[in-house]
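J.: One structure, as structure tokens, below. Some questions next.
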Ligand code: SAM
Ligand code: DTB
Ligand code: SF4
């Protein structure tokens, strides 16, 4: 995808925001959040790794690259029924979006892609939003995903264009932008974010955020991943990111992309409840729930339920449009308030 000619935010403007006194920045982000979203509502999304490991790419953070000796083995692709069982369980636990990830460089036409299309149709029939992250796509493949009912496609920029070459050499930044362009042109919502804590400079985080905000249309959702350092990958010994840098990036994402869902993604397991609360104040309004992300552990269900309940937040329930079938707990398009301190959809 090419950049639009006029960018709403210059790099200097984004840098000025990013470097504001932290509490002023969070305050401003909270105001933007409250203008565009219900600040008590958190969307829960669940991931499934439909094809794990054995990926030919060299993404330096990734446990699934076949180039690194990690504990992740290459598995066969999941069957449609197995995926739909997992989606049903995710829905029953309160998720409204089910995201299917494959350790592929790109989609190849053929039986595996046909199977993904069946998975998408099945997930939509369960009344869930369906998201996929399958690597690079052609325009034609994006159209076929749209026809199957795909709600959103996740394809991250990961970092700034400048730092990108230190992390991945097997595909270009422009190829990522092209895939995002195909997704948008097919009418699928774009889910696009990045990873913080890969040794990038603050200026790289600022440029990543500016690039995300310059996408046209802006992404519908922005996953903010904190690096999960994986033994065997080149980033295994990467120093931990200062947690307030993570909060700053979330706040700036909220201000630059006011309508987007800002999703706390990888890394939550080692982030305190207090820091996550600050992130929600700064405008994060979605989390990945479930025992695992793709291959790494995620906070326990009890932790998430208790976090939401203690903060007086509630799980989002499905939108009317998203649930084009009967059968979901609350298809009236509204959030349900927490009862007895437990969010209704996760109780
Ligand atoms: N193979 C596809 C691709 O790369 O587009 C889809 C799956 S890939 C695992 C999805 C995203 O997970 C990556 O873009 C990256 O942002 C995130 N991710 C992978 N490993 C991670 C790690 N160790 N820490 C944080 N985020 C990670
Ligand atoms: C995204 O940005 N983060 C999610 C989802 N999109 C696919 C994946 C995180 C993966 C973390 C490492 C793992 O569990 O393998
Ligand atoms: Fe991992 Fe995706 Fe990169 Fe493959 S393309 S190494 S699965 S992040």
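The values are calculated or read from the model by the stated rules, or taken from the named source; none is laboratory data. Fair warning: this is a prediction, and the values are worked out from it, not measured in the lab. Neighbour counts are summed over all protein chains in view; Cβ atoms, including those assigned to glycine, are modelled from backbone coordinates with ideal geometry.
J.: Go through (1) away from ligand 1 (no atom under 16 Å from the Cβ); (2) under 23 Å from residue 296 (Cβ atoms); (3) modelled with pLDDT under 95 one by one and return the number of the condition residue 7 breaks.
T.: (2)
J.: A further question on this structure: Residues that are within 16 Å of ligand 2 (Cβ to nearest atom) and in a helix (DSSP H, G or I): does segment 135-148 have at least one?
T.: Within segment 135-148, one or more residues are within 16 Å of ligand 2 (Cβ to nearest atom) and in a helix (DSSP H, G or I).
J.: Here's a follow-up. Hey, does segment 212-226 have a residue that's surrounded by fewer than 20 Cβ atoms within 10 Å (Cβ to Cβ), on the phi > 0 side of the Ramachandran plot and modelled with pLDDT of 95 or more?
T.: Scanning segment 212-226, I find no residue that is surrounded by fewer than 20 Cβ atoms within 10 Å (Cβ to Cβ), on the phi > 0 side of the Ramachandran plot and modelled with pLDDT of 95 or more, so the answer is no.
J.: Restricting attention to segment 196-251, which residues are in contact with a strand residue (DSSP E or B) (Cβ under 7 Å, 6 or more places away or on another chain) and within 13 Å of ligand 2 (Cβ to nearest atom)?
T.: 196, 197, 208, 212, 219, 221, 222, 223, 224, 225, 226, 227
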